[in-house]
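This report refers to the structure that appears directly beneath it.
The values are calculated or read from the model by the stated rules, or taken from the named source; none is laboratory data. What you are looking at is a predicted structure, and each value in this text was computed from that prediction instead of being measured. Using ideal geometry, Cβ is built from the backbone for each residue, glycine included, and neighbour counts are taken over all protein chains shown.
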Amino acid sequence: MSKTANEEICAFHYHNKSTVKCSLCGLPICDSEEASPADGKKICSLCFNSPKASKFRKYIQIGTIVITLPSALLIFLFVPSENSYQLFAFLLLIPLMIGLLIGGNRLLTKIAYKGLEKHQMILPLIRYFEASGNAQFYKIFLKNLKKLSDEELEKIRLPLLDYLIPALLFNYSKLDDNWQEDLLKYLKIDEVTLAKIFVDDYKTLLINIAVHDAKADLSKFIYYLGDIIENDEIIIKYIKEIASDDIKNLKDEQLKQDYDMLLEELFLYEEQFYSVCDRLNLQKEKEALAALLKRYEPPPVPKSSMDAIKQQRDQVLQMQRQGLVSSKEDFELADKEEAESEKMTEES
Ligand SMILES: [Zn+2]
Ligand SMILES: [Zn+2]
């Protein structure tokens, strides 16, 4: 498999070579893509459609208000208030509003994805997931993946994995515990084959992210990969990289700043790390890991449930400040789009 496939293939037309990147979102695209009306630079279909979609979003919101507010006023003025007639009339407004919003959003999705087939949405969705870390995009991606025919799947399999694996590794902590289940089913691939691709084709990326850009639970994932393909090479490489001089020789302050998450992983899976070192005869590395762990200060254990809640809140606030948590709006938007794309396919 080519590791650079995602740089060479258009994200929308998998048989076309990518000649340029979308000047707005950076997706690799081909010559057949649209040019921006603003500056004539090439942009992808989604970016081309998105100004129209956002304009339309405004119309939906205004339209909903223009219809429901006067209706509410009419009910208030003309429907008699005895026998709860008024209340019933107001209650009837709720389905009307929901209907308007759903219908509007359906049209909105059609505008945003105009001219794109299901398989053409797959790679951009993975990119959005990778870039935003918003797990909703991963869910929408899975739903689209599920609907691909064997032929469509075969057509995009290589670029798909080239996009997907880094996206998964960068956002590993955002995935559910059983994230593989659906993915394996829809990719029509077995667990061992997928694990082999991770280990054989993406070893360097995997270790790099796990050590130098650590994500929660990637240690667990690396042990799992080693187990499932019955090969310790990836685990040895991982431990040697952690125990390397580059990390050992860091000053305390920098270690804490850049490798806090890695140290937390060591702390959480301490016993597993040590037993693996013993089993694989990595005594020098085991000592290095122990020395690193001595330099780690685990977060204080909460004394009461009140403290625990406060600590959790502080963590979320801190993550929000660092932009690690997507805003509520993003989630709601992705939720809506998910529901819409679901409905559209049911119709077609
Ligand atoms: Zn774009
Ligand atoms: Zn293209």
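Would you mind stating whether Leu24 is within 16 Å of ligand 2 (Cβ to nearest atom), at pLDDT below 85 and assigned to a helix (DSSP H, G or I)?
Considered against the rule, which asks whether it is within 16 Å of ligand 2 (Cβ to nearest atom), at pLDDT below 85 and assigned to a helix (DSSP H, G or I), Leu24 comes out as no.
In this structure, is Ile43 over 17 Å from Tyr128 (Cβ atoms), crowded, with 17+ Cβ neighbours inside 10 Å and free of Cβ contacts under 8 Å to residues at least 60 places away in the same chain?
It is false that Ile43 is over 17 Å from Tyr128 (Cβ atoms), crowded, with 17+ Cβ neighbours inside 10 Å and free of Cβ contacts under 8 Å to residues at least 60 places away in the same chain.
The conditions are (1) buried (at least 17 other Cβ atoms within 10 Å of the Cβ); (2) within 14 Å of ligand 2 (Cβ to nearest atom), and Ala35 fails exactly one of them. Which is it?
The single condition Ala35 does not satisfy is (1).
Which members of the range 246-276 meet the condition of being without any contact (Cβ under 8 Å) to a residue 40 or more places away in the chain, in a loop (DSSP other than H, G, I, E, B) and under 19 Å from Ile209 (Cβ atoms)?
Result: Leu250, single match.
Taking Phe56 as the residue in question, decide whether it is more than 13 Å from ligand 2 (Cβ to nearest atom) and without any contact (Cβ under 8 Å) to a residue 40 or more places away in the chain.
Criteria not met by Phe56.
So if I check each of Asp227, Asp258, Asp245, Asp200, which one is closer than 30 Å to Gln315 by Cβ and out of contact with any Cys (no Cβ under 9 Å at 6 or more places or on another chain)?
Selected residue: Asp258, the only one of Asp227, Asp258, Asp245, Asp200 that is closer than 30 Å to Gln315 by Cβ and out of contact with any Cys (no Cβ under 9 Å at 6 or more places or on another chain).
Can you pull out every residue in the range 35-69 that is in a helix (DSSP H, G or I) and within 16 Å of ligand 1 (Cβ to nearest atom)?
Ser45, Leu46, Cys47, Phe48, Asn49, Ser50, Pro51, Lys52, Ala53, Ser54
Looking at the range 213-233, which of its residues are touching a Leu at 6+ places or on another chain (Cβ under 8 Å), of a type outside the set (Lys, Arg) and farther than 15 Å from Gln272 by Cα?
Correct list: Ala214 only.
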